[in-house]
1. Quick one: in the range 52-91, of everything that is closer than 22 Å to PRO18 by Cα and of a type in the set (Ser, Thr, Tyr), which residue is least open to solvent (accessible area, probe 1.4 Å)?
2. Do you know which residues across the range 158-177 are at pLDDT 95 or above and either open to solvent by less than 70 Å² (accessible area, probe 1.4 Å) or not in a loop (DSSP other than H, G, I, E, B) (or both)?
3. Assess whether ALA115 counts as being of a type in the set (A, V, I, L, M, F, W, C), surrounded by 14 or more Cβ atoms within 10 Å (Cβ to Cβ) and more than 30 Å from GLY171 (Cβ to Cβ).
4. It is to be established whether one or more residues within the range 139-155 are assigned to a strand (DSSP E or B), modelled with pLDDT of 95 or more and within 19 Å of the chain's Cα centre (by Cα).
5. If you check GLY29, GLY63, which single one turns out to be on the phi > 0 side of the Ramachandran plot and either of a type in the set (Lys, Arg) or touching a residue at least 60 places away in the same chain (Cβ under 8 Å) (or both)?
6. ASN199: open to solvent by 80 Å² or more (accessible area, probe 1.4 Å), at pLDDT below 95 and at positive phi, yes or no?
7. Being of a type in the set (Phe, Trp, Tyr) and closer than 16 Å to ALA67 by Cα is the filter here, so list the residues in the range 11-27 that pass it.
8. Which pairs turn up if I take residues in the range 163-185 that are among the basic types (Lys, Arg) and look for partners that are open to solvent by less than 40 Å² (accessible area, probe 1.4 Å) and part of a strand (DSSP E or B) with beta carbon separation below 9 Å, at least 6 apart in sequence or on another chain?
Amino acid sequence: MPTAGQAKTIDVLAIEYPPFTTSKESSDGIAFELLRKAALSDDITWQAVYAPPGRAAAIIRSGEWCASFYPVVESIKSQSIVLSKSKVSIGLVRLAEENTFSWQSLHELAGRSVALLRTKEDSAFAQQFTDAGFDVVFVENIVTGIRLVKMGRVDYSLSDNLSFAQQNDEGLQFSKSSLVVTPVTLYLNPNCNVTRFFN
């Protein structure tokens, strides 16, 4: 695999996660727009390489990657660059109800079903739902998860505040409680020497 030093094009691993990363937009989504603004060199082409979540996780584990918007687990050596000033809140979506959608512990929602992005099934993120007594359904993208909620197939689906706002659907409700609050982050493989393209 060429190092970043030899390449004018750097592949960036991504999954379909509109509006952040999506092949349906010519810009490839918000995350890639932020990346192109943050990079110091205009000589580099950041090329989106889309894979389903499970495959993206496998590519990262194999070490055959340079840059990724798909999160890298802590057990794998990586560097990260924060691309956004504001943070993104990852939470759950349900059919709208009168009361506020919040929880102190996921155990409060035990016995319900939730749509999550497909990862290695034993990932710590998915495991917290299994441990809390959820029936976990894996989907390939957020849109499918939200569709399952609307069809009454699952009780909840993973989403984030920005994607949810774009839905503009009053029949749905985004949780006040967050699972993760994070800025838009690019993960880099230290073996590729990509950090030099940033401040």
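1. The selected residue is SER68.
2. Correct list: GLY171, LEU172, GLN173, PHE174, SER175, SER177.
3. On the way: of a type in the set (A, V, I, L, M, F, W, C): yes; surrounded by 14 or more Cβ atoms within 10 Å (Cβ to Cβ): yes; more than 30 Å from GLY171 (Cβ to Cβ): no.
Against the criterion (of a type in the set (A, V, I, L, M, F, W, C), surrounded by 14 or more Cβ atoms within 10 Å (Cβ to Cβ) and more than 30 Å from GLY171 (Cβ to Cβ)), ALA115 does not qualify.
4. No: the range 139-155 contains no residue that is assigned to a strand (DSSP E or B), modelled with pLDDT of 95 or more and within 19 Å of the chain's Cα centre (by Cα).
5. On inspection, the qualifying residue turns out to be GLY63.
6. Taking the combined requirement at face value, the residue does not satisfy it.
7. Narrowing the range 11-27 to residues of a type in the set (Phe, Trp, Tyr): 17, 20.
PHE20 - this is the single residue of the range 11-27 that is of a type in the set (Phe, Trp, Tyr) and closer than 16 Å to ALA67 by Cα.
8. LYS176/GLY91
The values are calculated or read from the model by the stated rules, or taken from the named source; none is laboratory data. Keep in mind that what you see is a predicted model, and the values were worked out from it rather than measured. Positions of Cβ are generated from backbone atoms using ideal geometry, with glycine treated the same way; all protein chains shown enter the neighbour counts. The accessibility values were calculated without ligands, DNA or RNA, using every heavy atom of the protein model including side chains. Shrake-Rupley method; radii C 1.70, N 1.55, O 1.52, S 1.80 Å.
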